[in-house]
1. Considering only residues that are hydrophobic (A, V, I, L, M, F, W, C), open to solvent by 20 Å² or more (accessible area, probe 1.4 Å) and in a helix (DSSP H, G or I), which ones fall in region 175-211?
2. Within region 132-161, can you find the residues that are in contact with a Pro (Cβ under 9 Å, 6 or more places away or on another chain) and of a type in the set (A, V, I, L, M, F, W, C)?
3. Which one of Arg66, Arg123 is surrounded by fewer than 16 Cβ atoms within 10 Å (Cβ to Cβ) and under 20 Å from the mean Cα position of the chain (by Cα)?
4. With in a loop (DSSP other than H, G, I, E, B) and in contact with a helix residue (DSSP H, G or I) (Cβ under 6 Å, 6 or more places away or on another chain) as the only criterion, which of Val221, Val216 stands out?
5. Taking Leu26 and the conditions (1) assigned to a loop (DSSP other than H, G, I, E, B); (2) under 21 Å from Asp132 (Cβ atoms), which numbered condition does it fall short on, given that it satisfies the others?
6. From the list Ala188, Ala165, which residue is touching a residue at least 40 places away in the same chain (Cβ under 8 Å) and of a type in the set (A, V, I, L, M, F, W, C)?
7. Can you work out which of the residues in region 29-60 that are among the charged types (D, E, K, R) and open to solvent by less than 30 Å² (accessible area, probe 1.4 Å) is farthest from the chain's Cα centre (by Cα)?
Amino acid sequence: MTYFEGPFQALAHRGFAHASAGTEGLENSLAAFGAAVDLGYRYVETDAHGTVDGVAVALHDESLDRTTDGTGLVAELPWSEVSEARIGGVEPVPLLEDVLGGWPGLRVNIDVKHASGVGPVARAVERTASWDRVCVTSFDPARRRATLAKLSRPVATSAGRREIATFLTGVRLRARPLARRALRQVDALQVPVSEGRVTVVDLASIEAAHALGKKVHVWTVNETAEMIRLVDEGVDGLVTDRADLLKDVLVSRGLWG
């Protein structure tokens, strides 16, 4: 098994947390990941933090406050307390190990959100032998590298903010060596269409990434028209909250499954 499979990677953002699946408000829960799998998704995106006692959890925010009925910073709480919090008041905060182990064929894109997650994420990947089906990323390249250093085998990776900025500079200046150096340690670019007033994803950046053998995944795309436009421009994957809409687009283009 390899992480990048098929002509297109459709990633369900924090699972599929939507009213149509009965999972509205339950992002990053086992119920949301299960809903994505039930739709036929083979890729999900999640975020990871580590508890004070070194347990990796699938959660976007540093604190429990926004998505759960608990409070406090995950990095300052033991797993025994985090495990009592309920996403949307009903679903437990999942162990990253349960996400990786619950669906053995599922590929999981893991964004290491905090330094607290470095060791715990690596241990979860090792314990579930998930090297071939995870992509480890972080906005901070040093955090990504620290996680990779704790793994016994290589895994797929995507670029951090500084690497992306350097790559785009190389593309705009037509300085291919600069663009190549920026992405030398990663397999993919996972980026928004734009960042402020800066366009990140266009034909030039897609073509430059592909010339270097790198995948381009775009987040977080929830409108059908934009999904179609990006597919037509040649991106390799989309991250979406609307897994149902993206599936329809990809089925219509012969890119599903």
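1. Residues satisfying the conditions are Leu178, Leu203, Ala204, Ala208, Ala211.
2. Of everything in region 132-161, those that are in contact with a Pro (Cβ under 9 Å, 6 or more places away or on another chain) and of a type in the set (A, V, I, L, M, F, W, C) turn out to be Leu148, Ala159.
3. From the options Arg66, Arg123, the qualifying one is Arg66.
4. Checking each option against the conditions leaves just Val221.
5. (2)
6. Ala188
7. Among those residues, the one meeting the criterion is Asp47.
Table: residues versus (1) touching a residue at least 12 places away in the same chain (Cβ under 8 Å); (2) farther than 21 Å from Val218 by Cβ; (3) in a loop (DSSP other than H, G, I, E, B); (4) not basic (Lys, Arg).
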| position | (1), (2), (3), (4) |
| --- | --- |
| Pro7 | yes, no, yes, yes |
| Ala17 | yes, no, yes, yes |
| Val44 | yes, no, no, yes |
| Asp53 | yes, yes, yes, yes |
| Arg66 | no, yes, yes, no |
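The values are calculated or read from the model by the stated rules, or taken from the named source; none is laboratory data. Remember, predicted model here, so these are calculated numbers, not experimental data. Here Cβ is always computed from backbone atoms with ideal geometry, including for glycine, and neighbour counts include all displayed protein chains. These area figures cover heavy atoms from the full protein model, side chains too; ligands, DNA and RNA do not enter into them. Shrake-Rupley method; radii C 1.70, N 1.55, O 1.52, S 1.80 Å.
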